[in-house]
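Participant: Structure incoming, see below.
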Amino acid sequence: MPITIDERYNSREATESEDPSTELLYVVQGTEDDLQVKALLAATSPALYDGLKRDSFTISTVGAGVWECSVRYVKLEDESQFTFDTGGGNVHITQGLTTVGRYAAPGEIAPDFQGAIGVNQDVNAG
């Protein structure tokens with residue numbers, strides 16, 4: 001006897017709320033092997049149904065190779081959201097990590113301020 005899976009006539013019981021859910025009911029026939037039933041149920045029931053995700057399934061043997069099965073669908077998890085504030089602080093940088101180059105007017109030598117930033121000659125004279 002071939003293995004068959006059929007949705008039951010009283011399937012698709014649903015709950016509409018903040019946590020909606022739906023349950024699809026199936027009958028599997030033609031095997032005594034519970035692992036075959038689980039594999040068939042996982043392969044043939046939709047991963048998503050009516051905007052809900054497949055959450056779990058149950059199987060119960062009736063006997064003579066017949067199984068009653070249910071697949072439960074629940075609300076999709078919301079994507080994680082993070083909120084943070086990067087404002088509120090000021091930093092005054094006065095020293096560079098490296099000096100890329102020093103430049104002077106023609107005929108003059110560029111002063112070496114040892115990586116200091118924003119130097120003017122009035123402040124450093126003396």
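Read-outs: derived from the displayed coordinates by stated rules, not from any lab. In this text, all values refer to a predicted model and were calculated from it rather than measured experimentally. Cβ atoms come from the backbone with ideal geometry, glycine included; neighbour counts cover every protein chain shown.
Participant: Using θ = phi - 60° and the Karplus curve 6.51 cos²θ - 1.76 cosθ + 1.60, what whole-Hz ³J(HN,Hα) does each residue of region 7-20 get, with Gly and Pro shown as x?
Facilitator: For region 7-20, the Karplus curve yields 6, 6, 5, 9, 7, 6, 5, 10, 10, 9, 6, 5, 10, x Hz.
Participant: Can you give the charge dipole size of region 1-105 about its Cα centre, rounded to the nearest 20 debye, using +1 on the beta carbon of Lys and Arg and -1 on the beta carbon of Asp and Glu?
Facilitator: The calculated dipole for region 1-105 is roughly 640 debye.
Participant: Next question. Quick check: Cα centre of region 103-121 to Cα centre of region 21-38, how many Å?
Facilitator: Here the answer is 82 Å between Cα centres.
Participant: In nm, to one decimal, how far is the Met1 label point from the Ala105 one, both placed 7 Å along Cα→Cβ?
Facilitator: Rounded to a tenth, the inter-label distance reads 10.4 nm.
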